[in-house]
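The values are calculated or read from the model by the stated rules, or taken from the named source; none is laboratory data. Bear in mind that the values here come from a model prediction, so they are computed numbers and not experimental data. Reconstructed Cβ throughout: ideal geometry from the backbone, glycine too, with neighbour counts over all protein chains shown. Accessible surface areas use protein heavy atoms only, side chains included; no ligands, DNA or RNA. Shrake-Rupley method; radii C 1.70, N 1.55, O 1.52, S 1.80 Å.
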Amino acid sequence: MRHLLPTLLLSIVLTTVIAGCSVEPDHAAEPMTFGVLGSTCTPERLAALHEAGVSVVELPVAWDRYQPEAGQENRDYVDEVRARLNDCRQAGMGVILSPGLHYPPDWVGDLTGGVLKGSGGDVPKDAGAELVFSAEVRDAARKYLARVASDLGFEGITAIRVGTNATGELGYPGHGDGDGGSEDGGNEDGGSDEEFWAFGDAPQFGIGLAEGVAPSPMPGWVPGSRSWHGKSVTDEQVQRWWDWYAGSVVNAVAWQVGELRTLGFQGRVHVPVAGRGVLPADKAEAVKGRLDGRANPDGAQERGLDYAAQFAVLATLTGVDVDFTGLDDVSDVRARAAVPPQDQCRPGDDDVVLLGDVSSWSSHRYTSALARRAGLGLVGENPGPPDSPFTGGSPESHSLAEQMGTAPRYAVECGMAMFLFGFEENLFEDDDRAGSGFALEDYKEVIEGIHR
């Protein structure tokens, strides 16, 4: 098997991490690095960013533009990406490369098992490349990553981002991502109307299944069903199915890390994550309910987010950082309003995160404690403009300027090594700040205040 971790490791490492030692933020470490997301790498902007104290930029690449046809590169786009990367290198900027596997070309979806299938019969409207179960999609992604490595090289690239869903984060598609193709989103045995995404031929029957990935331990069983093959389903069976489901999606991340190491990349690998996943107490209740939709306030069950176990798997790899993508998200707004406030990382969080009542904690506080406990590195981002379709804003969300009043401080408190501003474009929208309400000069002041 190449670069793959058996999904059974998920339950083993969870036991290990619960018994592990607490890891607290090291406030005596090197000063936090500041960067921006979505960089254009134009010389003028790079110079301005450098003067403001920014030392790293994220350079996004899109697979569908890079290889619009199977085995065929768009040389004009490749040259454009190479030129942008070279401009960053010449400016002395560190680069976080996003290869863009979450923007697959149309031909990838036509491969065997190229599209996830949900428990209600739907396919996702937008799911990124199907790297979890499909052998052919992984083979196409492997060749694409090798092409990127050959075309661009790794000089000056300090980190590479990897994920599994349409936003480039860890997890399956989320609530509302089905196309509505099925007549009945639930099941006749009392199941949930939400979609779990492991019901194609590969995960159910092993047809076209990626090497090292196990097929379903309960073929044909749909979450929410009380029986399987005419017998009552036990807690142990549901737990085994859940471990397989959550383990399969982190296996896809581990596979990507392995491929990058094989290609010779020795820098950091960032795994973007959102929210807090399934809380331990909620998972126990959900298992007893046969994953029928109970104890699922954030829709994390369908997305297969079991961070406590998944971070322990990531910790077995080399050079991996958890990238929390929502510093000062809605959970922070709510946690800060609690009495007493529950938004900030605190000494001792690592000791109680898996044992105490953490339901009132903000997402970043909980997720950061899990990452530290597992021994993973941490980086963070603010969500970005609340009115953007990419940031999941709500009426409770803070403005970009308000986010920047708290998000960098959260990053410091939680022991993060890097803070990334979302997004570069918002720093250069205008000079009168009538757009985002936050300009590059403001970011400079934030950086100087943190480093002071």
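General remarks:
- With each label modelled as a point 7 angstrom along the Cα→C-beta vector, the residue 80-residue 294 pair spans 5.2 nm.
- Two-decimal Rg to Rh for region 49-162 - Kirkwood Rh, Cα set: 1.05
- Beta-bridge orientation, the chain: approximately 15 percent antiparallel, per DSSP, counting only bridges with both partners inside.
- The helix-based estimate of mean residue ellipticity at 222 nm for the chain, built from -39,500 (n - 2.57) per DSSP H run of four or more residues and divided by its residue count, is -11000 deg cm²/dmol to the nearest 500.
- Relative packing of 237-248, 298-309, which averages over residues the other C-beta atoms within 10 Å, highest first: 298-309, 237-248
- Coupling constants for region 53-62 follow from the phi torsions by the Karplus curve (6.51 cos²θ - 1.76 cosθ + 1.60, θ = phi - 60°), and in residue order they are x, 7, 10, 8, 10, 8, 10, x, 10, 10 Hz; glycine and proline get x.
- Extension gain, residue 147 back to residue 106 (0.36 nm per residue minus Cα-Cα distance, nm): 12.9 nm
- An ellipsoid equivalent to region 260-320, defined through the eigenvalues of its Cα gyration tensor, has semi-axes of 31, 11, 9 Å when rounded to whole angstrom and sorted largest first.
- Ordering of 341-350, 322-331, 375-384, 136-145 by burial proxy (mean other Cβ atoms within 10 Å per residue, highest first): 322-331, 375-384, 136-145, 341-350
- In this rough spin-label picture, where each label sits 7 Å from Cα along the Cβ direction, the residue 396-residue 126 distance is 2.4 nm.
- Taking the 1.4 Å solvent-accessible surface of the chain as the whole, the part contributed by carbon and sulfur is 51%.
- Surface per residue (accessible, 1.4 Å probe) for the chain, Å²: 40 Å²
- With each label modelled as a point 7 angstrom along the Cα→C-beta vector, the residue 51-residue 387 pair spans 2.9 nm.
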